[in-house]
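Trainee: Quick one: the structure is below, and I'll ask about it shortly.
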Amino acid sequence: MYIYILVITHMIIFDDNCSDWKVLQNNICNLLNEVGIQSNTDVVLNTPRGIIAIDVYGIDRNSVDEIKYIIECKSWNKRIPKSVVHSFITVMSETGGNIGYIISNKGLQRGALEYLRNTPIKAFTFEEFQERYFETWFVRFFCQRIYQISYTLQCYIEPFNSRRERCFSELTISKQNQFKEKLYTYEVYSMQLATLSNISIHGKVHRKKDIGAFDIEEFKVYLQGDAKEKFHASNYKQLLNEFEELINKATEEFNEIFGKNIFNQ
């Protein structure tokens, strides 16, 4: 089965229940920071008309011109009218923003959308906004985080590791048997951890269909492999937390068998 980035409904990074404006604002800010756009909420800027408060203000420090993002967050239960768009265009002009986003729960009215044509402003629902940045977030944050915390576990469960073999030979028979039991339990994650680490290193998902990365239900099946443990997350943030807990638990169990982290030398 082929899974493409156009799949929207299962690419949720955060819970999409953002009826609270502050939650919506903070989630947007966190997502941008996690993809590498330095962002803050409630930023006050001086303009020719006076002081303007920006819901989320981001700067891409990695871009040549340090692209500035001005973001308006609306947790309304109705579509945004043209009057809001008109005001936001003025804000963009006076703050020197390069890219503007209006992110809302219900989207924009048709007239408001038409008004945005030929402007540097784009409108999204929060779900659409997550879809827009999902692949970048998955590579730069999800996979990077797994890469950072799973090094020791990968060394314990990979097919061959000379340091592990030397330390294993020094264990008692009882401890060796404990290690074999844990290895049997956790080695099913070896391929998944290696794949996610490689994605982090190379900065790209080469074969999306193989890992089902853009459909959370298929990705959970991929992460689980032949293991008995199930993942229960409904969004990718929750799934990352679940997988981190498993990695940390497994690593600590191996450390206890050897009496220390044998790779921390």
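The values are calculated or read from the model by the stated rules, or taken from the named source; none is laboratory data. Small disclaimer: the values here were computed from a predicted structure and weren't measured. All Cβ positions, glycine included, derive from the backbone under ideal geometry; neighbour counts span all protein chains shown. Note: areas computed on protein heavy atoms with side chains; ligands, DNA, RNA excluded. Shrake-Rupley method; radii C 1.70, N 1.55, O 1.52, S 1.80 Å.
Trainee: In this model, which of 74/249; 78/230; 78/237; 175/220; 82/204 are farther than 30 Å apart at the alpha-carbon?
Mentor: 74/249; 78/230; 175/220; 82/204
Trainee: Please list, ordered by chain and number, the residues whose modelled amide H lies under 5 Å from the amide H of residue 109; skip anything fewer than 5 residues away on the same chain.
Mentor: Amide H neighbours of residue 109: 80.
Trainee: Given a 1.4 Å probe, how much area per residue of the chain is accessible, in Å²?
Mentor: With all protein chains present, the chain gives 54 Å² per residue.
Trainee: So what is the relative contact order of region 1-147, in percent, for Cα pairs below 8 Å that sit 6 or more residues apart?
Mentor: Once divided by the residue count of region 1-147, the mean separation gives 23 percent.
Trainee: Report the residue, chosen from 96, 58, 107, that carries the largest GNM mean-square fluctuation when the chain is represented by alpha-carbon nodes joined by springs under 10 Å.
Mentor: Among 96, 58, 107, the largest GNM mean-square fluctuation belongs to 96.
Trainee: Here's another thing I want to ask about it. With θ set to phi - 60°, apply the Karplus curve 6.51 cos²θ - 1.76 cosθ + 1.60 along region 148-158 and write out the HN-Hα couplings as whole Hz, x wherever there is a Gly or Pro.
Mentor: For region 148-158, the Karplus-derived couplings read 5, 9, 9, 4, 5, 4, 4, 5, 5, 10, 5 Hz, x marking Gly and Pro.
Trainee: When only the heavy atoms of the protein chains count and the probe is 1.4 Å, how do 195, 152 rank by accessible area, highest first?
Mentor: 195, 152
Trainee: Let me ask something else. Hey, what number do you get for the chain at 222 nm if only DSSP H runs of n ≥ 4 count, each worth -39500 (n - 2.57), divided across all residues, to the nearest 500?
Mentor: -15000 deg cm²/dmol
Trainee: Still on this structure, please answer the following. Given a 1.4 angstrom probe, I'd like the percentage of the accessible area of region 108-265 that is carbon and sulfur, rounded to a whole number.
Mentor: Carbon with sulfur: 46 percent of the solvent-accessible area.
Trainee: In whole Hz, with x marking every Gly and Pro, tabulate ³J(HN,Hα) for region 170-177 from phi via Karplus 6.51 cos²θ - 1.76 cosθ + 1.60, θ = phi - 60°.
Mentor: For region 170-177, the Karplus curve yields 8, 7, 5, 4, 4, 5, 4, 5 Hz.
Trainee: Still on this model: Hand me the trypsin sites (Lys or Arg not before Pro) from region 206-244 located in a DSSP loop with no more than 11 other Cβ atoms within 10 Å, in residue order please.
Mentor: 207, 228, 230
Trainee: Moving on to the next point. Indicate the gyration tensor shape class of region 28-101 (rounded, prolate or oblate), computed on the Cα atoms with a ≥ b ≥ c the square roots of the eigenvalues: a/c under 1.5 is rounded; otherwise a/b larger than b/c is prolate and the rest oblate.
Mentor: Oblate shape, in that a/c is at least 1.5 and b/c is the bigger or equal ratio.
Trainee: Over the chain, what is the relative contact order in percent, taking alpha-carbon pairs closer than 8 angstrom and at least six residues apart?
Mentor: Once divided by the residue count of the chain, the mean separation gives 21 percent.
Trainee: Any chance you could give the angle, 0 to 90 degrees and rounded to 10, that helix 82-95 forms with the longest Cα principal axis of the chain?
Mentor: 80
Trainee: Still on this model: Compute the long axis of helix 236-258 from its Cα atoms, compare it with the longest principal axis of the Cα atoms of the chain, and write down the angle in degrees, 0 to 90, nearest 10.
Mentor: For helix 236-258, the angle is close to 20 degrees.
Trainee: Which shape class, rounded, prolate or oblate, goes with the chain when its Cα gyration tensor gives a ≥ b ≥ c as root eigenvalues, a/c under 1.5 marks rounded, and past that a/b bigger than b/c marks prolate?
Mentor: Cα axes put the chain in the prolate bin.
Trainee: Here is a follow-up. Once amide H atoms are placed 1.01 Å from N in the peptide plane, what residues at a sequence separation of 5 or more from residue 104, or on another chain, have their amide H within under 5 Å of its amide H?
Mentor: Under 5 Å from the amide H of residue 104 lie the amide H atoms of 74, 124, 125, 126, each far enough along the sequence or on another chain.
Trainee: Which ³J(HN,Hα) values, rounded to whole Hz and listed in residue order, are derived for region 105-115 from phi using the Karplus coefficients 6.51, -1.76 and 1.60 in 6.51 cos²θ - 1.76 cosθ + 1.60 with θ = phi - 60°, glycine and proline given as x?
Mentor: Per-residue couplings from phi come out as 7, 10, x, 10, 5, 4, x, 5, 5, 5, 5 Hz.
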